[in-house]
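Report on the structure given below.
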Amino acid sequence: MIYNNLIYFLVVIFLFSANTAPARPGIPPVYGLPLFALVLFLYFLTCVRQYQRLLPGSAARYFAAEKKLSILAVLLFAASLYVFDLKFYLQPLSFGGRLPVLEDIGGIGIFFIFLALMWTRARDAYESVFQRSYGLASFIAAHIKINLPIILPWLVISLAFDLLALLPLPGLQANLNSPWGDLLVFAVFVFFLLLFFPPLVRRLWNCTPMPPGRLRSEIETFCRQQNFSSEILIWPLFEGRVMTAAIMGIVPRLRYLLITPSLLDAMSTDELKAILAHEIGHVKKKHLLLYLALFLGFSVLAGAVSQILPAVIVGSDLFYTLIGHFDVAPETLLTALVATSLLVILLVYFRFIFGYFLRNFERQADLYAFRIQGGSTALKSSFEKIALLSGNIRNQKSWHHFGIGERIDFIEQCERDRGKIRAHDRKLHVGLLVYFLLLALAVGLVRQVKPEKLVAGYEPRYLEAVLDRKVRQEPNNGLWPLLLGDLMQEQKLEGRAMAAYEKALRLEPMNPEINNNLAWLLLTAQNKSLRDPVRALQLARTAASMKKQGYILDTLAVAYWANGRRGEAIAAELEALRLNPENRDFYRRQMEKFRYRDWDQAPP
């Protein structure tokens, strides 16, 4: 359950972080907020129906329903975030962008609202399955505390970064914005995980020391024999009825061995020692440190990819095909494609790469217990009990653990051939080596890529797509066809430039820029069939009568020249020189052309 919730929260955190608050919401608040409330209400009704069908139920059915509704909550949160622009309403929380972490807390709070609606309807089923009565508020609070450790590291690292960014230290700010800044923030993150996270989680999960007695003494003796030290805690996960154990904490003095009461009740002493040996194996094999390294690996990979991903998308023909196919703003599509791509990377990484190592770390811990006990009888017996008492889950698989049946089968194979133990260790060592080499290679290659080279030649195409969208959105605004015409003329697409200028002129016939730019195109088009010096002179006169600028008077001078009126051309150029003396060399060259060359034989 906790591993699945990790994925849910990772997706939610990523989606919220990747989203940007618009200047104004696409759906006005008077409609958007009631519609969002309707989404929450419909989700609540779905939870009601789901848990009504569940009663009476088993723990397996309860967790299956929670999984379905949690996934639905993630999907509805994502849809609401983008459709209703939820981040727009959360902006004030950040105090003008000074503390973005508060805005992030607001976003996570909205997701918790979805989950709270689910837990509101889950309470009756929970009490039936786990035989424990709760008040509604305490039930929701208990579930929030179960999930808080998943998001706390992210919140701490975000808060640390925001607080450091507020310090009036220019040198520190420069370092934070450099590649070293990521390492500094990660160091804060590791410091938090090592020193503060385990005690905090202990309190959140209401873990208590295992009471003194024969069983505790035997566990402590067994741990000493393995040269292992840890505080032993009772873990009341789901009223202690979930049969599991866990190890938490990297620093020995802040390390906790968590055991649920149902596991203690169901297992014999040898079986319990086998389970403890498995947990000790995680420490001996450095799995906790490797988990941290795998999380850092994703952070490094995602950071490197995100720097070039926008350029890759803008530099692809598919992007412009999608713009043409869907009536969507290019910047919106770009944001959506970048976010979707990174989300896919996140899901693939944690589901397959991280999941691969999780499953094989568990198997390696099984084999450590197998070696420590000198056989597999107690270990297999403990697995069979867990499978039976947890609802016949022997053949149930998950992305983060091999099925219990698979684990038992592999242990039996190792009993017949001890070489398989060494082979599995080698497999993991090689896998980790390949992972870190490929990660370093991928990040190195990505950092060699220059985003500006990827988009070379595509900037005008992107700008054209933006302007086309603006023209469709504001058909009565002459600015957009004017800018589109300028872009087309710059790209030597003279026919399209002419059409854009003509549209702009129809919308704003007295706009000096439109008159001037169209006149210049009619005078200088490489396609001589587009030239029209007579009309160009009319347009240039109109522009000059409304706006006295050097570049406009230069267009008028060329128009006079094109119509054989050299004296007026020189006079207009002299006026341009008077208004803009800094361009005197250009204007003098123009006058030389007017005196000694013909326009139709030597166009400017």
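Each value in this text was obtained by applying a stated rule to the coordinates, not by laboratory testing. These figures come from a predicted structure and were not determined experimentally. Note that each Cβ is placed from the backbone with ideal geometry, even for glycine, and that neighbours are counted across all protein chains shown.
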Q.
For Lys87, give me every one of the aspartates and glutamates with a C-alpha distance below 15 angstrom, ignoring sequence neighbours fewer than eight places off in its own chain.
A. Glu103, Asp104
**Q.** Between region 260-311 and region 72-88, the Cα center-to-center distance that results, in Å
**A.** 31 Å
Q: Rank the residues Glu384, Glu582 as a footprinting-exposure proxy: fewest other Cβ atoms within 10 Å of their Cβ go first.
A: Glu582, Glu384
Q: May I ask you to derive the relative contact order of region 294-443, considering only C-alpha pairs under 8 Å and at least 6 residues apart, and to give it as an integer percent?
A: 26 percent
Q: Quote the FRET efficiency, to the nearest 0.05, computed for Ala79 versus Ser229 with a Förster distance R0 of 56 Å and r equal to the Cβ-Cβ distance.
A: 0.70
Q.
What is the angle, in °, between the Cα long axis of helix 479-490 and the longest principal axis of the Cα atoms in the chain? Nearest 10 is fine, range 0 to 90.
A. 80 degrees
Q.
Skipping prolines and chain starts, which residues have an amide H placed within reach, meaning under 5 Å, of the one on Ser316, given they are 5 or more residues away or on another chain?
A. none
Q: Please report the relative contact order for the chain, taking Cα pairs under 8 Å with a sequence separation of at least 6, and give it as a percent rounded to a whole number.
A: 9 percent
Q | Size of electric dipole in the chain: Cβ of Lys, Arg +1 and of Asp, Glu -1, about Cα centre, debye, nearest 20 | A | 920 debye
**Q.** FRET E, pair Ala329, Leu432, Förster distance 51 Å, beta-carbon r, rounded to 0.05
**A.** 0.70
Q. Using modelled backbone amide H atoms (1.01 Å from N, in-plane), which distant-in-sequence or interchain residues come within less than 5 Å of Gly403's amide H?
A. Ser398
Q: Measure up Lys68/Lys397; Lys145/Lys273; Lys470/Lys528; Lys503/Lys593; Lys68/Lys385 against 21 Å on the Cα-Cα distance and list the ones that go over.
A: Lys145/Lys273; Lys470/Lys528; Lys503/Lys593; Lys68/Lys385
Q) What are the ³J(HN,Hα) values, in whole Hz, obtained from phi via the Karplus relation 6.51 cos²θ - 1.76 cosθ + 1.60 with θ = phi - 60°, for each residue of region 554-571 in sequence order, with x given for Gly and Pro? A) 5, 4, 4, 4, 5, 5, 4, 4, 5, 9, x, 9, 5, x, 5, 5, 5, 4
Q: Calculate one ³J(HN,Hα) per residue across region 534-546 by plugging θ = phi - 60° into the Karplus curve 6.51 cos²θ - 1.76 cosθ + 1.60, and present them in order as whole Hz with x for glycine and proline.
A: 5, 5, 4, 5, 4, 5, 5, 4, 4, 4, 5, 6, 9
Q. What is the chain by shape, rounded, prolate or oblate, if you read a ≥ b ≥ c off the alpha carbon gyration tensor as root eigenvalues and call it rounded for a/c under 1.5, prolate for a/b larger than b/c, and oblate otherwise?
A. prolate
Q: Specify the angular offset, from 0 to 90 degrees and rounded to the nearest 10, of the alpha carbon long axis of helix 2-18 from the longest principal axis of the alpha carbons in the chain.
A: 20 degrees
Q) Amide H of Ile27: which non-local residues (sequence gap of 5 or more, or other chain) have their own amide H closer than 5 Å, using H built in the peptide plane? A) none
Q | Contact order normalised by residue count of region 188-246, Cα under 8 Å, 6+ apart, percent | A | 40 percent
**Q.** For the chain, share of DSSP beta bridges that run antiparallel, in % to the nearest 5
**A.** 60 percent
**Q.** Phi-based couplings in Hz for region 325-330 (Karplus 6.51, -1.76, 1.60; Gly and Pro marked x)
**A.** 7, 10, 7, 9, 5, x
Q: Give me the lysines in straight-line cross-link reach of Lys285: C-alpha distance below 16 Å, same-chain residues under 8 apart excluded.
A: Lys427
Q. To the nearest 10 degrees, how steep is helix 287-314 against the longest Cα principal axis of the chain, on a 0 to 90 scale?
A. 20 degrees
